[in-house]
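The next block holds one structure in the form of structure tokens; read it before the comments.
The values are calculated or read from the model by the stated rules, or taken from the named source; none is laboratory data. No experiment lies behind these values; they were computed from the predicted model shown. Counting neighbours? That spans all protein chains shown, and the Cβs are built from the backbone with ideal geometry, glycine included. Just so you know, the surface numbers come from the protein's heavy atoms only, side chains and all, with ligands and any DNA or RNA stripped out. Shrake-Rupley method; radii C 1.70, N 1.55, O 1.52, S 1.80 Å.
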Amino acid sequence: MSQIVFDRVRHGYRAAGRPEMLALSDISLSVEPGEFVSLLGPSGCGKSTLLYLLGGFVAIQSGRILMEGRKVTGPGPDRGVVFQNFALFPWKTVRQNIAYGLERQKLPARERDEIVQSFIDMVHLRGFEDSFPSQLSGGMRQRVAIARTLAVKPRVLLMDEPFGALDAQTREIMHEELLGIMQRTRMTTIFVTHDVREAVYLSDRVAVMSSRPGRIKEVLTIDLPERTGPSVMKSARANDIVEYLWSQVKIDAAHAVSAVQ
Amino acid sequence: MRLFDFCIRWSPLALLALAWELAPRLGLVGAQSLPPLSVVMASLWKLAANGDLLGHGLQSLWRLGAGLGLAILVGVPLGAVMATSRIVNAVVAPLARALYPMPKSALIPVLLLWLGLGNASKIMLIFLGCLLPVLMSAYNGVRGVDRVLLWSARSFGRGPLDVIFGVAVPAAMPELLAGIRSALALSFVLLVSSEFLMARDGLGYLISFLGDGGAYAPMFAAVIVVACLGFTADRLFLVVMRRMLAWRG
Ligand SMILES: Nc1ncnc2c1ncn2[C@@H]1O[C@H](COP(=O)(O)OP(=O)(O)OP(=O)(O)O)[C@@H](O)[C@H]1O
Ligand SMILES: [Mg+2]
């Protein structure tokens, strides 16, 4: 059984005194357990909206979203979310942020501290336990956000352009860390990005979205050999896939721009 | 260098003190309407020594603390809940909007009539005066919180009260504390003006009592005490505020 099912999902935004703006139209997609699926598309095509609907933060207007067979009606710890701008609690330290999700679980304090420390170590933030987010670099903040979400052991991980704000070098390091985590946890992941190479490198499948209204126009299985490191991206096969996806996204980006003008 | 900075910083105050001392002594102003600073300080010493200052001061501080404390206790939760609940907002917002511009000192005669000369009338006035600024800052602060922070809390399984008081209010703290700071300043205004008009003790009463009796030097001394109290309270609040907002980096 698919773990996540989008079934003819449609969503429009209504602003006062304006006609409804259709953000998503007729989205259907199934994600299998353990799969890493990227949503790839130009800015404004509704990627975040789709994630918010699955997260249960925004009420669905028509269609269905099923999480492990049950309709999504609201947020829940089964779906861990890493938001586009991290959404860390700025008044909490690194340790307190990562512990936040665990506070609700009835754990002995000792055990909770150990879990928190293990996640701090996992994202290489030892020594920054008592720093506030404002004292961290963008990459470090992102790692705190990921650790905070992973610490509660969600069933699926939803990430909204998590590396969009990072420089190329940090981004590459984060890719390796993420792949490492994925190999260990085998967690089902939906990953939003508009970076084609990133999508190809990380994903089992890539869903290409078109904009206004956002729809899924193609789902491509990425059949690269086992990801042993960034070098897979240098293969001819990887290049072909990137070229192809890039051309698909470009058509829509151009459309989106000309539609605005 | 340190000493130099210190001198620069306090020189305006020192000049003011000097002018205060000299103006009446040189006959530029009547010594009756402005006694020299040294005379005022001697009265201050006497007022402090005979316990008057402490008694009236404690009475005033208690009214201020109680009124402002109540305003925070009521205003923060109410403002925060208003910002998140459409129903509560629909009930409270029109009331708040109507009362906001009203000068609260206009309530002094009414409160005197209802609550008399004791502590209750002053505490009530300060409470009413400070409630709206505190409530508005909590409301605006919580309204301005990034919804993604609230979503985050909910996705970790937190219920609505937990989201409001565990996330929205701390996130709104910068705006909230700024509101409380202006309420603190307002509470001194309300305290002293209400003690002028309806009290038998307190620093405001002391000032008007001494003034009415023509004891101008001690009256100025009491005014200085009130000014220093207000200044100190604001400084202390700033220190607490910086502590609480240390996370802003
Ligand atoms: N709260 C809102 N009210 C009205 N319109 C909105 C709202 N949120 C998003 N939209 C519109 O819906 C469309 C999709 O927005 P969304 O944020 O989902 O795009 P996105 O693909 O995540 O873009 P980006 O890559 O820039 O983050 C956009 O055209 C946007 O203008
Ligand atoms: Mg987005």
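Once fully extended, how much extra length lies between A:S43 and A:R104, figured as 0.36 nm per residue of separation less the alpha-carbon to alpha-carbon distance? If you can, show how the numbers build up before the last one.
On the way: separation 61, 0.36 × 61 = 21.96 nm, distance 3.58 nm.
The A:S43-A:R104 span can extend by a further 18.4 nm.
Given R₀ = 35 Å, what would the calculated FRET efficiency be for B:C228 paired with A:A16, taking r from the Cβ atoms and rounding to 0.05? Show your work: numbers first, answer last.
Numbers: r = 52 Å, r/R0 = 1.48.
For B:C228 and A:A16, the calculated efficiency is 0.10.
Quick one: putting +1 on the C-beta of Lys and Arg, -1 on the C-beta of Asp and Glu, what dipole do you get for chain B around its Cα centre, in Debye to the nearest 20?
With Lys and Arg at +1 and Asp and Glu at -1, about 700 debye.
If packing is taken as the average number of other Cβ atoms within 10 Å across a peptide's residues, how do B:35-46, A:140-151 rank, most packed first?
Answer by packing, highest mean first, reads A:140-151, B:35-46.
With every protein chain kept in place and ligands, DNA and RNA left out, what is the accessible area per residue of the protein assembly as shown? Probe 1.4 Å, answer in Å².
Numbers: 25410 Å² over 510 residues.
For the protein assembly as shown, the solvent-accessible area averages 50 Å² per residue.
Under a plain spin-label model, where a point goes 7 Å from the Cα along Cα-to-Cβ, how far apart in nm are A:S137 and B:A120?
With each label point 7 Å from Cα toward Cβ, the separation is 6.4 nm.
Would you mind estimating how fast the range A:1-104 diffuses translationally, via Stokes-Einstein at 20 °C and 1.002 mPa s with the Kirkwood radius over Cα pairs, in µm²/s?
Working: Rh = 15.5 Å.
Once the numbers are plugged in, D ends up at 138 µm²/s.
Could you name every residue in the range A:33-61 that has 50 Å² or more less accessible surface in the full protein assembly than in its own chain alone (probe 1.4 Å, ligands and nucleic acids excluded)?
A:F57
Kindly provide log₁₀ I(q)/I(0) values, in the same order as q = 0.13, 0.14, 0.24 Å⁻¹, from the Debye equation applied to equal alpha-carbon scatterers of the range A:86-153.
Result of the Debye calculation: -0.29, -0.33, -0.99.
On each of the three principal axes of the Cα atoms of the range A:73-214, give max minus min coordinate, whole Å, ordered largest first.
Answer, in whole Å and largest first: 47, 36, 28 Å.
FRET efficiency for B:S38 and B:A14, Cβ-Cβ distance as r, R0 = 22 Å, nearest 0.05? All intermediate terms of the calculation are to be shown ahead of the outcome.
Numbers: r = 14 Å, r/R0 = 0.65.
Calculated transfer efficiency: 0.95.
Filter the GluC sites (Glu not before Pro) in the range A:108-183 down to the DSSP loop ones having no more than 15 other Cβ atoms within 10 Å, then list what survives.
A:E129
Using only Cα atoms, what is the ratio of the radius of gyration of the protein assembly as shown to 2.2 N^0.38 Å?
Dividing the Cα radius of gyration by 2.2 N^0.38 Å gives 1.34.
Give me the Debye-computed log₁₀ of I(q)/I(0) at q = 0.12 Å⁻¹ for the range A:130-241, equal point scatterers on Cα only, no solvent, two decimals.
Summing over Cα pairs of the range A:130-241 leads to -0.47.
Work out the mean other chain Cβ neighbour count within 10 Å for the residues of A:82-90 and drop it here as an integer.
Numbers: counts 1, 6, 1, 3, 2, 9, 2, 8, 10.
Per-residue shielding by partner chains comes out at 5.
Using the Kirkwood radius over Cα pairs, work out the Stokes-Einstein diffusion coefficient for chain A at 4 °C and 1.567 mPa s, in µm²/s as a whole number. Before the final figure, lay out the partial values.
On the way: Rh = 19.3 Å.
After rounding, the answer is 67 µm²/s.
Please list, short to long, the whole-number percent of alpha-carbon pairs of the range B:38-248 in consecutive 10 angstrom bins beginning at zero.
Going from the shortest bin to the longest, the percentages are 8, 29, 29, 19, 10, 4, 1.
Using r as the Cβ-Cβ distance of A:R8 and B:R86, and R0 as 41 Å, what FRET efficiency do you calculate, to the nearest 0.05? Before the final figure, lay out the partial values.
Details: r = 30 Å, r/R0 = 0.74.
Working from the Cβ atoms, E equals 0.85.
Rounded, prolate or oblate: which fits the range A:126-188 when a ≥ b ≥ c are the square roots of the eigenvalues of the alpha-carbon gyration tensor, with rounded for a/c under 1.5 and prolate only if a/b beats b/c? Don't skip to the answer; put the middle values down first.
Working: a/c = 1.82, a/b = 1.28, b/c = 1.42.
In terms of gyration-tensor shape, oblate.
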